[in-house]
Amino acid sequence: MSARKEWIRVAYCDDIPLREGREVLVGNRAIAVFNLGEKFLAVDSRCPHRGGPLADGIVTGESVVCPLHAWKIDLQNGSVQRPAETPACVKTFATRVEAGMLLLEISELSRCPASNVQAASSEGASPGKT
């Protein structure tokens, strides 16, 4: 069964400074979008550790460092890079640019493997909780 997908306009590209993130709301979901210069990447806005605001983190390469406890999240696939071997991740969203506007592909399916989310939750690292 395939999930329904749609592209949603979320921001003007010029409103997201180079090497920074911004939080956008799509319905009641907060999504962090990042301008890496040659491309934009997007992930769920909350760190899987303690719910820190990833859009406020420091961008390093194609990763963001959470401003609360320095967890490093890969913006390409949503996996946690630091601390090492942490079985947690955040959902990622496909992006595209049309006429200076950033669009996100929103679907019902997550790119974050369910087994990783369950493992993180069982270890006390549940998304959205501070």
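Candidates in segment 1-49 are the residues that are among the charged types (D, E, K, R) and out of contact with any strand residue (DSSP E or B) (no Cβ under 9 Å at 6 or more places or on another chain); of these, the one that is nearest to residue 88 (Cα to Cα) is 38.
Of all residue pairs spaced 6 or more apart or on separate chains, those with beta-carbon atoms under 6 Å, a first member in segment 53-66 that is free of Cβ contacts under 8 Å to residues at least 40 places away in the same chain and charged (D, E, K, R) and a second member that is crowded, with 16+ Cβ neighbours inside 10 Å and in a loop (DSSP other than H, G, I, E, B) are 62/75.
The rows are residues; the columns are (1) on the phi > 0 side of the Ramachandran plot; (2) of a type in the set (Ser, Thr, Tyr); (3) touching a helix residue (DSSP H, G or I) at 6+ places or on another chain (Cβ under 7 Å).
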| residue | (1), (2), (3) |
| --- | --- |
| 48 | no, no, yes |
| 53 | no, no, no |
| 60 | no, yes, no |
| 78 | yes, no, no |
| 86 | no, yes, no |
| 99 | yes, no, no |
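Of all residues in segment 43-91, which are crowded, with 17+ Cβ neighbours inside 10 Å, out of contact with any Gly (no Cβ under 8 Å at 6 or more places or on another chain) and acidic (Asp, Glu)? The answer is 74, and nothing else.
For segment 80-90, the criterion of being under 21 Å from residue 14 (Cβ atoms) and at pLDDT 95 or above is met by no residue. Pairing each residue of segment 75-96 that is in contact (Cβ under 8 Å) with a residue 60 or more places away in the chain with any residue that is in a strand (DSSP E or B) and not aliphatic (A, V, I, L, M), provided the two are 6+ apart or on different chains, yields C-beta distances under 9 Å for 93/44; 93/105; 93/107; 95/40; 95/105; 96/7; 96/40; 96/105. Candidates 38, 85, 20: the one that is within 26 Å of residue 5 (Cα to Cα) and acidic (Asp, Glu) is 38.
Could you look through segment 92-116, keep only residues that are modelled with pLDDT of 95 or more and surrounded by fewer than 17 Cβ atoms within 10 Å (Cβ to Cβ), and pick out the one that is farthest from residue 45 (Cα to Cα)? Step through it out loud before you land on a result.
Filtering segment 92-116 down to residues modelled with pLDDT of 95 or more leaves 92-105.
Narrowing further to those that are surrounded by fewer than 17 Cβ atoms within 10 Å (Cβ to Cβ): 94, 96-101, 105.
Values: 94: 14, 96: 18, 97: 20, 98: 23, 99: 25, 100: 22, 101: 20, 105: 15 Å.
Across segment 92-116, the extreme among qualifying residues is 99.
The values are calculated or read from the model by the stated rules, or taken from the named source; none is laboratory data. This structure is a prediction, so every number in the text was calculated from the model and none was measured. As a convention, Cβ positions derive from the backbone with ideal geometry for all residues, glycine included, and neighbour counts pool all protein chains shown.
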